[in-house]
1. Say the dipole of the chain comes from +1 at the beta carbon of Lys and Arg and -1 at that of Asp and Glu; which of G20, G38, Q70 then lies farthest toward its positive end?
2. Counting only residues 5 or more places away or on other chains, whose amide H sits under 5 Å from the amide H of W75 once H atoms are built in the peptide plane?
3. So what is the relative contact order of the chain, in percent, for Cα pairs below 8 Å that sit 6 or more residues apart?
4. How much of the accessible area of the chain, in percent, comes from carbon and sulfur atoms when a 1.4 Å probe is used?
5. In whole Hz and in residue order, list the ³J(HN,Hα) couplings for segment 56-61 that follow from phi through the Karplus curve 6.51 cos²θ - 1.76 cosθ + 1.60, θ = phi - 60°; x for Gly and Pro.
6. D for the chain, whole µm²/s, Stokes-Einstein with Kirkwood Rh over alpha-carbon pairs at 20 °C and 1.002 mPa s: what number?
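The values are calculated or read from the model by the stated rules, or taken from the named source; none is laboratory data. Please read these numbers as outputs of a predicted model, since none were measured by experiment. Please note: Cβ atoms are built from the backbone with ideal geometry, for glycine as well, and neighbour counts cover all protein chains shown. Keep in mind that these areas ignore ligands, DNA and RNA; they rest on the heavy atoms of the full protein, side chains included. Shrake-Rupley method; radii C 1.70, N 1.55, O 1.52, S 1.80 Å.
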Amino acid sequence: MFYTGSLEKYDLPEQEVEEGQLVEEPRNFPTRYYDPDGNEYLFIGWYRDISLDEEYVWKFATDKVFGDMQLYAKWQKIEKS
């Protein structure tokens, strides 16, 4: 259910959720990470669309499952000044 991008070490367990129910938000998920080259990234949120282009961020407190779905982590590179 969750795709974390290049954060393979955060392999989140799948959740089986009935249609119309809420998804449990992943716990202890990092808000920042560094890639092997030292670039820093900020976690933006979870999206339903793999392209991460939609403006809507998944809201775990209110958004309900509507069939088979996957959520994707969006990361933004922090530019060094």
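1. Result: G38, furthest along the dipole toward the positive end.
2. Residues meeting the amide H criterion: I44.
3. On the way: 118 pairs, mean separation 31.8, N = 81.
Relative contact order, the chain: 39 percent.
4. Values: 2670 of 6000 Å².
Carbon with sulfur: 45 percent of the solvent-accessible area.
5. 8, 9, 4, 10, 5, 6
6. Values: Rh = 13.7 Å.
It comes out at roughly 156 µm²/s.
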